[in-house]
Amino acid sequence: MANSPLLSRPGAVAGSGIDAGTAAHYGELNKEQRALSNGAAVADMSHFEVVTLAGEDRLTWLNTLSSQAVTGLLPGQSTQTLLLTVQGRIEFDIRVLAGEDRLWLLVEPGQAEPLVAFLTRMRFMLRVQITDVSERFAILGACAAQPALEKYPVWVDPWPGVTEGGYAYSAPDHPGAERPWFEYIVPADELETAVGDLPLAGMLAVEALRIAAWRPRFGFDTDEKTIPQELDLLRTAVHLDKGCYKGQETVARVHNIGRPPRRLVFLQLDGSMHTLPALGSEVRIGEKSVGTLTSVASHFEAGPIGLALIKRNIDPETDVEVVDGEERYAAKQETIVSPDAGQIAGRFTGFLRTPH
């Protein structure tokens, strides 16, 4: 994609990798995080992509494909859904916003084209129009509703709530409650005008607040084997009692009588190193590899933090190390997904499930 026009703002330093095209920061990392966290700033996420679904069958059709129940979505309502493989592995993670005459599907950079291709193959003779509108729209992220942007459609993150038909694998006292999240869908040619004089935060600020909220990100905290239970995504992206969809059998089996092979954990990293380990670094206990660092950031209050996928049966009280080449970073775990997650069938007590 083309670079965002907001990269011309004073102090902007371009991002890299999947977040190229927008600013990593604008020269004041901690100040930007604080402003974004308290709702004063917005983040340029115009490299994220947008697909629309129009046509009379859009809700019922998407419902047959996805892990979330979407048939009852009313205009202005938001949800999250997944498209899974037959084995229950995550292929697409989609933020869904219902409009008056369309569904807005918000996805990670580079995901619109394969998503459109997949949906087109599954359309058959139904009345659905699938359009990649990524070049025409940009996303602005915020931790509070923005009066200056209220005329634009906005996706509101359900995380860390437990949506109808969902189930929580982590404790009710969830740090994500301190990070409400809004994504405004703005016509690309109005982006600079829409931002106006609002303070800007870069993607490093977005990522630090996301990690602190234990919010998994597709392409970072997922790989080709990831199933929803490993990331606590039954909270917001899966309806356990909806009709059939691809991957449902695996989701139900692991939830009711199995256990996920891995679990997402939050890591508080040793702050004395003055650097951050690279994504993909091994998580070890002694010399034994037990997982992989999937997200990492420097938080304006908590210091260096990360998310990691580790083996399910690792003791949550055990300190670990993140190993990046010759550097070893001591780290403490915080449980996101319990080692006891799963095997719900016949259980009379346990984690929270929403009533139906």
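Bear in mind that the values in this text are calculations on the coordinates, not laboratory data. A quick note: this is a predicted structure, and the numbers were derived from the prediction, not measured. Glycine also receives a Cβ, built like all others from the backbone with ideal geometry; neighbour counts cover every protein chain displayed.
Data table
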| read-out | value |
| --- | --- |
| Theoretical gain in end-to-end length, Asn30 to Glu317 [0.36 nm per residue, Cα-Cα removed] | 100.3 nm |
| GluC sites (Glu not before Pro) within the stretch 1-75, DSSP loop, no more than 14 other Cβ atoms inside 10 Å | Glu56 |
| Magnitude of the charge dipole, the chain, Cβ model with Lys/Arg +1 and Asp/Glu -1, debye to 20 | 1100 debye |
| Separation of the Asp197 and Glu164 label points, Cα + 7 Å toward Cβ, nm | 4.4 nm |
| Dipole axis of the chain (+1 Lys, Arg; -1 Asp, Glu on Cβ), positive-most option in Ile18, Ala252, Thr294 | Ala252 |
| Summed side-chain charge close to Glu28 - residues other than Glu28 whose Cβ falls under 13 Å, Lys, Arg +1, Asp, Glu -1 | +2 |
| Neighbourhood net charge (12 Å Cβ-Cβ; Lys/Arg +1, Asp/Glu -1) for Gly202 | -3 |
| Cβ-based net charge around Trp155, under 10 Å, with every Lys or Arg adding one and every Asp or Glu removing one | -1 |
| Options (i) 24.7; (ii) 20.9; (iii) 20.4 - which one matches Kirkwood radius over Cα pairs in Å as calculated here | (ii) |
